[in-house]
1. Of the conditions (1) over 30 Å from residue 78 (Cα atoms); (2) touching a residue at least 12 places away in the same chain (Cβ under 8 Å); (3) more than 23 Å from the chain's Cα centre (by Cα); (4) in a helix (DSSP H, G or I), residue 138 clears all except one; give me its number.
2. Which of the residues belonging to region 141-154 are surrounded by 15 or more Cβ atoms within 10 Å (Cβ to Cβ) and free of Cβ contacts under 8 Å to residues at least 60 places away in the same chain?
3. Scan 138, 218 and give me the residue that is surrounded by fewer than 17 Cβ atoms within 10 Å (Cβ to Cβ), at pLDDT 95 or above and either closer than 29 Å to residue 300 by Cβ or not assigned by TED's automatic domain parsing to the domain that holds residue 231 (or both).
4. So which strands (runs of 3 or more DSSP E) stay within region 1-82 end to end and still have 3 or more residues that are closer than 23 Å to residue 110 by Cβ and either modelled with pLDDT of 95 or more or in contact with a strand residue (DSSP E or B) (Cβ under 9 Å, 6 or more places away or on another chain) (or both)?
5. Any idea which residue in region 83-121 is modelled with the lowest pLDDT, counting only those that are part of a loop (DSSP other than H, G, I, E, B) and over 21 Å from residue 17 (Cβ atoms)?
6. For residue 99, work out the one condition from (1) in contact (Cβ under 8 Å) with a residue 40 or more places away in the chain; (2) surrounded by 16 or more Cβ atoms within 10 Å (Cβ to Cβ) it doesn't fulfil.
7. Residues 243, 236: which one is at pLDDT below 95 and under 30 Å from residue 126 (Cβ atoms)?
8. Right, residue 306: surrounded by fewer than 12 Cβ atoms within 10 Å (Cβ to Cβ) and either free of Cβ contacts under 8 Å to residues at least 60 places away in the same chain or not assigned by TED's automatic domain parsing to the domain that holds residue 133 (or both) or not?
């Protein structure tokens, strides 16, 4: 076992504003002090597993066999040369080189990790006056315009595209600029119109409460695209609420309610003659750093709650509190979409609904599709690299 030691760092050029001032070796990890006064722990087995040589040079996939070293591997020496931290290991005669910027970026110590933001910015009803808008032709012809529009959509979870062609194919063509479409039991695309024999409340003219689409799916769809082909009826305004804003304030005001909605799952179900799709989900999902990243809420697809008896009543109280907040006008946006406009939103963040409309006063026809979050985030990263 190595002895504990502290090593002052002499060669410490600034890397992205941060550099290592000192390193202390302990039994299983090194303790790093950064120039901003923060501290970080890096376990030796984690460092060896993530040595740059552990990944294939072309594919970037991990090819290192973790079992080829012992769980007690440790550094024989730690030095820094030209901003690179160099470790000589106790096994295999191996030497690893780590960029300080990489160590800072992938630090998992709570002191630094807890400050990592999702990048999302929440909003309330006043956001209606500053919803990001981009022209469809610009998005179709310019990667720069596409990237800027996607970046704002990622940040706020809601954006609009205007100048849409009067074509049922336009929604699919526009969404495909990001990536392939999500197939669901409703198809790759779907038409939101009032039907005589609806299989979903969306296919009626009655008021549609705020909800997450397809919460009954194992993974509900990510981004939803709704292209307005016509909207001439009285009523039918689209409604939106930023679930992130509502949940931020719920966590602050009622942390115990928030905890219950995070920790316990409830059932969702959609069924018709051809499908019976069911799934349990927590209403709130957090990332590893405690950031709110998802809400799965759909009161009309919620199935019979099957929670443990000792939490059932308390959960209902928390659930009712959330329901009440989602109806608070401080959060809600109403938009009367016009033909040629398309609204796009993060289905697992922004809840959407619709006011009732009178189908005898005119036609209301929206055409929609989904692109999943993983494909959206991937396209955003690739565009950022290409445009840098």
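1. (2)
2. 145, 148, 149, 152
3. Being surrounded by fewer than 17 Cβ atoms within 10 Å (Cβ to Cβ), at pLDDT 95 or above and either closer than 29 Å to residue 300 by Cβ or not assigned by TED's automatic domain parsing to the domain that holds residue 231 (or both) holds for just one of 138, 218, which is 218.
4. Values: elements: 5-8, 20-25, 29-34, 39-43, 75-81.
In region 1-82, 20-25, 29-34, 39-43 are the strands (runs of 3 or more DSSP E) which contain 3 or more residues that are closer than 23 Å to residue 110 by Cβ and either modelled with pLDDT of 95 or more or in contact with a strand residue (DSSP E or B) (Cβ under 9 Å, 6 or more places away or on another chain) (or both).
5. Our first condition is that a residue be part of a loop (DSSP other than H, G, I, E, B); within region 83-121, this holds for 83, 90-94, 106-109, 114-121.
Okay, now just the ones that are also over 21 Å from residue 17 (Cβ atoms), so 90-94, 118, 120-121.
Numbers: 90: 97, 91: 95, 92: 94, 93: 95, 94: 97, 118: 82, 120: 95, 121: 96.
The residue in question is 118.
6. (2)
7. On the way: 243 fails: at pLDDT below 95.
When all the criteria are applied, what remains is 236.
8. Details: surrounded by fewer than 12 Cβ atoms within 10 Å (Cβ to Cβ): yes; either free of Cβ contacts under 8 Å to residues at least 60 places away in the same chain or not assigned by TED's automatic domain parsing to the domain that holds residue 133 (or both): yes.
For residue 306, the condition - surrounded by fewer than 12 Cβ atoms within 10 Å (Cβ to Cβ) and either free of Cβ contacts under 8 Å to residues at least 60 places away in the same chain or not assigned by TED's automatic domain parsing to the domain that holds residue 133 (or both) - is met.
The values are calculated or read from the model by the stated rules, or taken from the named source; none is laboratory data. If you're wondering where the values come from, they're calculated on a predicted model, not measured in any experiment. Neighbour counts run over all protein chains shown; Cβ positions are idealised from the backbone, glycine included.
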